[in-house]
1. Which one, D77, D44, D69, has the greatest fluctuation when you compute a Gaussian network model over the chain with C-alpha springs under 10 angstrom?
2. Whole angstrom only: what separates the Cα centroid of region 1-33 from the Cα centroid of region 60-92?
3. What does the convex hull of the Cα atoms of the chain come to per residue, in Å³, rounded to a whole number?
4. When the chain is fully extended, how far beyond the present Cα-Cα distance does R35 get from A53, taking 0.36 nm per residue of separation?
5. How many percent of Cα pairs in region 70-153 exceed 17 Å?
6. Any chance you could list P(r) for region 107-153, counting all Cα-Cα pairs in 10 angstrom bins from zero, rounded to whole %?
7. Going 7 Å from the Cα of V92 along its beta-carbon direction, which residues of region 39-57 have the amide nitrogen within less than 17 Å of the resulting point?
8. Would you mind getting the accessible area per residue of the chain, heavy atoms of the protein chains only, 1.4 Å probe, in Å²?
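The values are calculated or read from the model by the stated rules, or taken from the named source; none is laboratory data. Values in this document were obtained by computation on a predicted structure and should not be read as measured data. No Cβ is skipped: glycine too gets one built from the backbone with ideal geometry, and neighbour counts run over all protein chains shown. Ligands, DNA and RNA are excluded from the accessible area calculation, which covers all protein heavy atoms including side chains. Shrake-Rupley method; radii C 1.70, N 1.55, O 1.52, S 1.80 Å.
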Amino acid sequence: PWPFVDQLPADLETVNAEFGEPPVIALPGVNISSRSLQAGDALDLTFYWQAVAEVVEPYYVFIHIMAEDDTMAAQLDSAPLQGFRPTVSWRVGEVITDEYAVPLGPDLPPGAYQLWVGLYNPDSGVRPLTKVDGQATPDNRVYLGEINVGKGE
């Protein structure tokens, strides 16, 4: 059995997102290792998820890094904790610390990119209703700000 953790770290960036109608999962915050990277680097992210109700769907996490023209520059999709803690195993009130390293291609052009995160059911592809600060988001995803990519070596 996994230890039950219900405390958030003090040093996270506040996100205040909820997933589901009514909400079943919250994303109170995230840690982003750096917003200035080089082509070929990996973007390290830690999400702090919290089950706010019983989770009955096996959601996967998607991370999208989008170029200014709204094309996909990099992405990563995965079950939480590399599949070791599916969302259906989360306990109400439990905080899940979920780490990712999103590889940036060595040929990624320098520039500013948008960082997005969300959840989806891998069987249907459907994303749950997503709200940030109580407001529904376009495409049921959460905007986490920009990252800047410089020219790789």
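1. Fluctuation is largest for D69.
2. Value for the Cα centre distance between the two parts: 14 Å.
3. Convex hull volume per residue, Cα atoms: 115 Å³.
4. 3.2 nm
5. Tail fraction, whole percent: 61.
6. Pair shares across the bins are 24, 35, 26, 14, 0.
7. Of the residues in region 39-57, 50-57 have backbone N under 17 Å from the label point off V92.
8. 51 Å²
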